[in-house]
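The values are calculated or read from the model by the stated rules, or taken from the named source; none is laboratory data. Keep in mind the model is a prediction, meaning the values are calculated, not measured. Heads up, the Cβs are rebuilt from the backbone with ideal geometry, glycines too, and the neighbour counts pull from every protein chain shown. The protein model used for the area step is the full one, side chains on, heavy atoms only, and it has no ligands, DNA or RNA in it. Shrake-Rupley method; radii C 1.70, N 1.55, O 1.52, S 1.80 Å.
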Amino acid sequence: MEEYTREPCPYRIGDDIGSAFSMGLVGGSIFRSFTGFRNAAQGQKMMGALREVRVGGPLMASQFAAWGGMFSTIDCCLVAIRKKEDPINSIVSGGATGALLAIRSGPKVMAGSAVLGAVILAMIEGVGLVASRWMGAMLDPTAPPPEALDDPRALGSSNKPSGNVGYIVDRRYYSSRKVEKEVAQDSRLDREIADIQQRVHDYKKQLRRHVVSSFKSRELSSSISALGRTMADAQRKKASVASAANANTLASMPAHESNSLPTRLHGAVNVKHFLECIRPFQDSDFGSVKYPSSKPDPDDPIEYPSTKMEQCELQVEECTLATHDSYEDPGLKIQYIPLLSDCIKDTSRKNTTDVAYYIEMKDPPRRIDPTLLIKMAVPKGPLIGMLKNGETITLPNGNLVKPDDVMMDDDRAGSEKRRLLIVDAADEGYARSLYESSIIRSLASAAASNKLDFVVHLTRENVLRTKEYEQWAESLGTQCTHIVVNGAGPIVPHIDSMYKHARLLHELQPALFDELRPRGWRGIVTQEQDLAVKASLWLRAAPLQRWQMRKLKGEEPIILDLKEAERKEAGQYNLGEEWRDLAKEEIMIAKNAAEALGAYCTSDSSFPRVTFLGTSSATPSKYRNVSGYLFETSSSSAFLVDVGEATYGQLRVLLDDATCDELMLNLHAIFITHAHQDHMNGLYTVIEKRRDAFKMRGLPYRRLVLVCNKNVMKPLRTYTHCFEDLERYVEVVDLATSSGGPSHQPPERKNSPPSSPKKVKFDHNHAPSPTTVELLPKIPSEYSDGQTWGLEGVKAVQVVFSGDTKPCDLLVEHGMDADLLIHEATFEDGHEQDAFRKKHSTMGQAVEIAEKMRAKHCILTHFSARYPKVPPLPSYLDDKKIGLAMDGLRVGFDRLSLVPLMTPIYRHVYRDELFECELKKCQKDLKKNRQEI
């Protein structure tokens, strides 16, 4: 991923100060060392050089830092005033910096310094522009690819039959109309290439008006690169078509080239930029990936060649309003409709232009009737394909067959609903834009046969209920079905595997596991059920529910089987349920232990309490989500440790909506262990939902403390820059910062979101050791006092979260005698080399750490996705009383002893899965022994 050459304002100020200080320190030290070496007495040359470096190096570094800080400050001010970045900002900043630094020497010296600074910066910018244009000419994406040599296998034979009726090439029939079609395709490709060249030319003109470091420059460069790849593909197609036309053969592109067309991202701008930002922080289990794609199993120990990984990478082209106005393929056409708000109330949104989509399906291809083919004596082979393409063919007996002669009558014309509008209005001001859109007005006033059939509303609930929005929806006609998909619809299970698994765990131990919401579903759920809620004009859709636009024969709906296993007779179960008799004793032991602790009587008052929201590594499975842990110290105080994607969704299915909103109000801090996406990709949703909870209750907002390192901040900052300002809602404790003290918000703005983000910095010199930090004293008191966090009267416990780590002695040192150790166990025993290479731990290594730490309780988590339900369960887990985490495990500290009692039960419940794990391990050992022999 290409990086910014300069950070965006105001972060570039600190970046420039640091860079200038480093340049001054290095350059000044080198210069001073030569001076000291030259002026020192004989025999004291080295001492003299070191003395000059010690005295003069820091002085020159400070001077450089002062110049760099003032320059970048003035540059940022000019960017804010002029609303753009170009060389003029740098030149003016250089002149103003030279003048201000010489202010004590008088006006004449100030003027000279200003001229000198401006001239130097002008020379630097000029050289940069010349170099950029020269490099752009060298790497021109519009340049045609080099011509390839003709493939002898594609050359036609000199003994071709003459005549216009048809000819045989490579044992296949081709009509002369094929050549006409290729000529038409060649003309279309010429028009596409010319259009792309014109767009590239326009973008290059815009690019010259922006400096290389600007965000707009990156966006334009990315678009030019994507257009270059698209044009290269079009030129290869054209070359293939031309070769086929000249040689009277059918040329086909190689498989790897035909699949190289870019994946298109339609809609909001900067989505591609955000993907590029998070790419380096993908979990190391994936290796180096370009974009989400179909790759080998991330936890597969086999080392695949780099060429195989490269073939899996996908090119991505961002199709936004700036580059496209529509998209069309053989099946449908999508029209982009820009929506502008005239009263933006949410100042945190970075993009005030939304996009609506008008989708119109094209006529379906007619189908061939096999009986008519037999009647017309059409032989098997390519002639049938030509008829499907709408071409008239000539049979070997000389008869002409037209496509209409063998096509079925289309019986779907009257039953199709082809027109769909998708709208997402984030503010009340977009209602007027919907009224004024010429495309939408034409749909409202069109004939009955061409009016809209469906409108899908992604619009927020507060906008949906406004009078203006309802009036606009009513103007589209009574034939239009308004489907609302904004999260306010009925709650229906949509993943049967997860739902049934949670119900099974609840049956085994209600003191540790609860059923998922919504409760009470025990039958069959299909897409065809009428689960949507009708409310006046709106139809609130249920998950997975569908409305047919074009009904296809033989298409089966998605079915969720939520039925419980039924007994055939007393004490007998269906196939797969025999474990119930085998595990009776272990289940009884676990339930008796829970009753002895009174767990069934005090299920909601056991604090402190830990909830496991995700226990999978790198990627989720059908039964496990990625990392996320909720730590509740009391009924009014909660914290999150790691927030993998869908963390908020896990909270919603574990708690009802009212409890989930209350939890957001009581959430005081988030601790993120590292910047892998399976540990932080749910951060944005949690921040937004917490903000909405305060807004819905009418409470003054209280900042959320975010403890993380700078690698976590970069994706958050990019999200803020691209989509919505979320930094204003968090108080960042940056573990990578080593200077300054906590900065406090003024009292009058204590409980309201500030207009700019604030970062808490602290000095590592006051930490207990160079690699550990005491966090609580570094968090501003207005966000971390005991009363605000609800810590008064809370039982004191020591909890250790390992994060992703290899066996770590430092963790043992600082976690000695912990009440609870939650340690990752990504791999099973025997995969120590894989764990070392990917910086993870095996199950045995995690248990060894718990023993060294003398932890009172230990729960293993973060299992590889190769174990979708349960990892291998060695016998030493029982001997050492080690617990195993499952998604939805919700355990108070007075019930921790119940968790290890579940391991023997798991061996019976998941005996088939454990057998497969053991079988794979034996196969691996056998293969290893064969290689050694």
* Give the residue, chosen from Glu813, Glu824, that is under 19 Å from Pro874 (Cα atoms) and either of a type outside the set (S, T, N, Q) or not assigned by the TED database to the domain that holds Gly644 (or both). => Glu824
* To do: Would you confirm whether any residue within region 437-455 is within 30 Å of Gly649 (Cα to Cα), open to solvent by less than 30 Å² (accessible area, probe 1.4 Å) and at pLDDT 85 or above?
  => yes
* If Gly844 passes every condition in (1) more than 26 Å from Asn592 (Cα to Cα); (2) touching a residue at least 40 places away in the same chain (Cβ under 8 Å); (3) open to solvent by 20 Å² or more (accessible area, probe 1.4 Å) but one, which one does it miss? -> (2)
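The rows are residues; the columns are (1) open to solvent by 50 Å² or more (accessible area, probe 1.4 Å); (2) more than 46 Å from the chain's Cα centre (by Cα); (3) at pLDDT 85 or above.
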| residue | (1), (2), (3) |
| --- | --- |
| Gly95 | no, no, yes |
| Arg104 | yes, yes, no |
| Met123 | yes, no, no |
| Gly126 | no, no, no |
| Leu139 | yes, no, no |
| Asp151 | yes, no, no |
| Ser162 | yes, yes, no |
* Which condition number does Thr685 fail, the rest of (1) more than 18 Å from Pro608 (Cα to Cα); (2) open to solvent by less than 20 Å² (accessible area, probe 1.4 Å); (3) not small (Gly, Ala, Ser) being met? -> (2)
* Structure fact -> For region 498-532 the number of residues that are touching a strand residue (DSSP E or B) at 6+ places or on another chain (Cβ under 9 Å) and either among the hydrophobic types (A, V, I, L, M, F, W, C) or open to solvent by less than 20 Å² (accessible area, probe 1.4 Å) (or both) is 9
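Condition check ((1) in the same structural domain as Glu727 (by the TED database); (2) more than 27 Å from His721 (Cα to Cα); (3) touching a residue at least 24 places away in the same chain (Cβ under 8 Å); (4) in contact with a Lys or Arg (Cβ under 8 Å, 6 or more places away or on another chain)) across all residues:
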| site | (1), (2), (3), (4) |
| --- | --- |
| Leu25 | no, yes, yes, no |
| Thr35 | no, yes, no, no |
| Val55 | no, yes, no, yes |
| Leu59 | no, yes, yes, no |
| Phe64 | no, yes, yes, no |
| Ser93 | no, no, yes, no |
| Ala114 | no, yes, no, no |
* **Among (1) in a helix (DSSP H, G or I); (2) modelled with pLDDT under 85 - the single one Glu85 does not satisfy** => (1)
* Name the strands (runs of 3 or more DSSP E) wholly within region 319-378 that hold at least 2 residues that are at pLDDT 85 or above? -> 332-340, 353-361
* Structure fact -> Residue set Leu50, Leu25; condition modelled with pLDDT of 80 or more and either under 27 Å from Arg717 (Cβ atoms) or open to solvent by less than 90 Å² (accessible area, probe 1.4 Å) (or both); output residue Leu25
* Asked: In the list Ser442, Ser433, which residue meets the criterion of being part of a helix (DSSP H, G or I), of a type in the set (Ser, Thr, Tyr) and in contact (Cβ under 8 Å) with a residue 60 or more places away in the chain?
  -> Ser433
* Asked: Going by the conditions given, is Asp16 assigned to a helix (DSSP H, G or I), in contact with a Phe, Trp or Tyr (Cβ under 9 Å, 6 or more places away or on another chain) and within 30 Å of Glu276 (Cα to Cα)?
  -> yes
* Structure fact -> Of all helices (runs of 4 or more DSSP H) fully inside region 450-553, the set with 3 or more residues that are touching a residue at least 60 places away in the same chain (Cβ under 8 Å) and over 30 Å from Arg367 (Cα atoms) is 467-474, 496-508
* **Flag if Ala80 is closer than 29 Å to Thr720 by Cβ and out of contact with any helix residue (DSSP H, G or I) (no Cβ under 9 Å at 6 or more places or on another chain)** => yes
* Specify which of the listed residues (Glu913, Glu918) is open to solvent by less than 70 Å² (accessible area, probe 1.4 Å), modelled with pLDDT under 95 and either assigned to a helix (DSSP H, G or I) or within 24 Å of Ile589 (Cβ to Cβ) (or both). => Glu913
* Asked: Would you pick out the residues in region 634-647 that are of a type outside the set (S, T, N, Q) and open to solvent by 30 Å² or more (accessible area, probe 1.4 Å)?
  -> Glu645, Ala646
* Asked: Say we look at region 708-751 and pick out the residues that are modelled with pLDDT of 85 or more, touching a strand residue (DSSP E or B) at 6+ places or on another chain (Cβ under 6 Å) and open to solvent by less than 10 Å² (accessible area, probe 1.4 Å); which of these is farthest from Arg691 (Cα to Cα)?
  -> Val733
* Asked: Can you tell me which residues in region 869-896 are assigned to a loop (DSSP other than H, G, I, E, B), charged (D, E, K, R) and surrounded by fewer than 22 Cβ atoms within 10 Å (Cβ to Cβ)?
  -> Lys869, Lys880, Lys881
* Asked: Of all residues in region 420-430, which are open to solvent by 30 Å² or more (accessible area, probe 1.4 Å) and part of a loop (DSSP other than H, G, I, E, B)?
  -> Asp424, Glu428
* Given the conditions (1) open to solvent by less than 70 Å² (accessible area, probe 1.4 Å); (2) over 16 Å from Ile17 (Cα atoms); (3) assigned to a helix (DSSP H, G or I), report the number of the one that Val55 does not fulfil. => (1)
